[in-house]
């Protein structure tokens, strides 16, 4: 794997919307070790509002979390992640984030720690995103 941390921002190899979190953690360091739908959902939460409307990103995340929950229910032996690869980066980010991203990462970490049914955690994360999108719409954002 190439270390991209020393590269300047560019839209292909190091887009600013995936590298702008104050933790210094690049989105891909977490999402590349998650299933496609789970990684996409986290990506939408992580970069919410940086490429389009915040509520639209949260709605996309909600859809992805629900799709992942359905996949895990349908395929009970499906693997959602390589935990040792993403956990340290998720912890570092979650500690420094009091937004919906921190909430989502803390839910993922809790599910991983207690080996909960991830489908239920996906439902919880979808609800977090849905509620945040609704709040933002009420506030006119």
Segment 16-39 residues that are closer than 17 Å to residue 69 by Cβ, paired with ones that are buried (at least 19 other Cβ atoms within 10 Å of the Cβ) and at pLDDT below 80 (beta carbon under 6 Å, 6 or more apart): none
A careful count of residues in segment 69-92 that are out of contact with any helix residue (DSSP H, G or I) (no Cβ under 6 Å at 6 or more places or on another chain) and either surrounded by 14 or more Cβ atoms within 10 Å (Cβ to Cβ) or outside any loop (DSSP other than H, G, I, E, B) (or both) gives 10
Considering segment 45-78 alone, what residues qualify as being under 14 Å from residue 108 (Cβ atoms) and touching a residue at least 40 places away in the same chain (Cβ under 8 Å)? 45, 46, 61, 65, 68, 69, 72
So, residue 111, is that one free of Cβ contacts under 8 Å to residues at least 12 places away in the same chain, in contact with a helix residue (DSSP H, G or I) (Cβ under 7 Å, 6 or more places away or on another chain) and part of a helix (DSSP H, G or I) or not? yes
Residue check, residue 105 under 21 Å from residue 49 (Cα atoms) and either modelled with pLDDT under 90 or more than 12 Å from the chain's Cα centre (by Cα) (or both): no
Somewhere in segment 22-30, is a residue at negative phi, surrounded by 14 or more Cβ atoms within 10 Å (Cβ to Cβ), at pLDDT below 90 and touching a strand residue (DSSP E or B) at 6+ places or on another chain (Cβ under 7 Å)? no
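The values are calculated or read from the model by the stated rules, or taken from the named source; none is laboratory data. Predicted model only: the values in this text are computed from it and were never measured. No Cβ is skipped: glycine too gets one built from the backbone with ideal geometry, and neighbour counts run over all protein chains shown.
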